[in-house]
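Have a look at the structure below, then the notes.
The values are calculated or read from the model by the stated rules, or taken from the named source; none is laboratory data. This structure is a prediction, so every number in the text was calculated from the model and none was measured. Neighbour counts run over all protein chains shown; Cβ positions are idealised from the backbone, glycine included. Note: accessible area is taken over every heavy atom of the protein model, side chains too, but ligands, DNA and RNA are not part of it. Shrake-Rupley method; radii C 1.70, N 1.55, O 1.52, S 1.80 Å.
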Amino acid sequence: MNIDGKTRTLGVIGNPIEHTVSPVIHNNLANITGDNFCYLPFKVEESNVKAAIEGAYALGILGLNVTVPHKSAVIPYLKDIDPLAKRIGAVNTLVSCDGGYKGYNTDMPGLLRAMRSDGIEVKDKEVIVLGAGGVARAVAILLSDSGAKHIYILNRTISKAKAIADEIIKDKGEIVTAMELSDYSKLSGNDYICIQATNVGMYPNTDCAVIDDNAFYDKITKGYDIVYNPLETKFMKLCKEASAESFHGLKMLLYQGIIAYEYWSGKSISDDDALKVYAKMLESMGKT
Ligand code: ATR
């Protein structure tokens, strides 16, 4: 990387930020594409979100990623917002535009592209979503937009699952069913794709999964965990024990970054280049 007078700055704002893998994604992408970009982490306190965005724009920063806990907090300070990000209520990518930043959500398109890269297609499939928090809601919206045949949202607190189901049903019809987590035995099929959309099983509490019963995993053929630390979660182990294919969330992280980079650079990143960056991510995590 040669920083000179023409270098454009990119970065990520969040708190904490020390463990972010995003600089590995974007600085490697800049190397591969030859773009004169430099991507940095910025720790931003909640009370400074507005100042950070205005300051970044004043400094001519080309774009920013936004991570926990600021994904909704940035919205009031944007010049414009993409319809998907607005619907999800969370922005993870800011792109410089006339007078400020336009906000996008690349997490969910990133999940879709990661699933496709792993050979998982949700169109016309029955999909189980575990959880009904902010991430699960976004996943359910994505699935309903992507032609899933039916979505079952299973959550410990049924009222939250119902709220998401009602929201989607209003838009798309009866393609969603809300269920209590413990009601999985009522699911009759045995060819479900399951997306684990809670943070259960994430480091350091790695010995947990929202459902432990092997009988549940017998219903699944493909299990996708949004968690990527550890790279093999308890959910994934249970899937494997039931002969289901299982995937961790690191490719979702990769592709949300790839899509953000495509917005900033105006270039399309090939799957080959994406996979080169993926190898660098694994290397940076000591997982080669
Ligand atoms: P996020 O924004 O990451 O989605 P969140 O909105 O706090 O986080 O949602 C966390 C999700 O994980 C919720 O669905 C939560 O279930 P409840 O709605 O019942 O709280 C789920 N969750 C967290 N810990 C859980 C546990 N030990 N067992 C089952 N579900 C759990």
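For the chain, report the accessible area per residue in Å² (1.4 Å probe, heavy atoms, rounded to an integer). Walk me through the numbers on the way to the answer.
Details: 13210 Å² over 288 residues.
Accessible area per residue, the chain: 46 Å².
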* Once both axes come from the Cα atoms, what is the angle between helix 49-58 and the longest principal axis of the chain, in degrees from 0 to 90, rounded to 10? -> 40 degrees
* List the relative contact order of segment 109-248 as a percent without decimals, with contacts defined as Cα pairs under 8 Å and 6+ residues apart. => 20 percent
* Asked: Hey, rough spin-label estimate for residue 116 and residue 272, points 7 angstrom out along Cα→Cβ, what's it come to in nanometres?
  -> 1.9 nm
* So what's the gap between the Cα centers of segment 239-272 and segment 117-151, to the nearest angstrom? -> 15 Å
* Asked: Of the peptides 204-216, 25-37, how do they stack up when ordered by the mean number of other Cβ atoms within 10 Å, highest first?
  -> 25-37, 204-216
* Let me know the volume per residue of the alpha-carbon convex hull for segment 25-89, in Å³. => 112 Å³
* **Burial order of peptide ranges 149-156, 67-74 (average beta-carbon count within 10 Å, highest first)** => 149-156, 67-74
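Once you have the Kirkwood Rh of the chain from its Cα pairs, apply Stokes-Einstein at 10 °C and 1.306 mPa s and quote D in µm²/s. If you can, show how the numbers build up before the last one.
On the way: Rh = 19.7 Å.
It comes out at roughly 81 µm²/s.
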* Output the relative contact order of segment 13-168, whole-number percent, from Cα pairs under 8 angstrom with separation of 6+ residues. => 15 percent
* Classify segment 109-248 as rounded, prolate or oblate from the Cα gyration tensor: take a ≥ b ≥ c as the square roots of its eigenvalues, call it rounded if a/c is under 1.5, otherwise prolate when a/b beats b/c and oblate if not. => rounded
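State the percentage of accessible surface on segment 109-248 attributable to carbon and sulfur atoms; use a 1.4 Å probe and exclude ligands, DNA and RNA. Don't skip to the answer; put the middle values down first.
On the way: 2930 of 6310 Å².
Ligands and nucleic acids excluded, carbon and sulfur give 46 percent.
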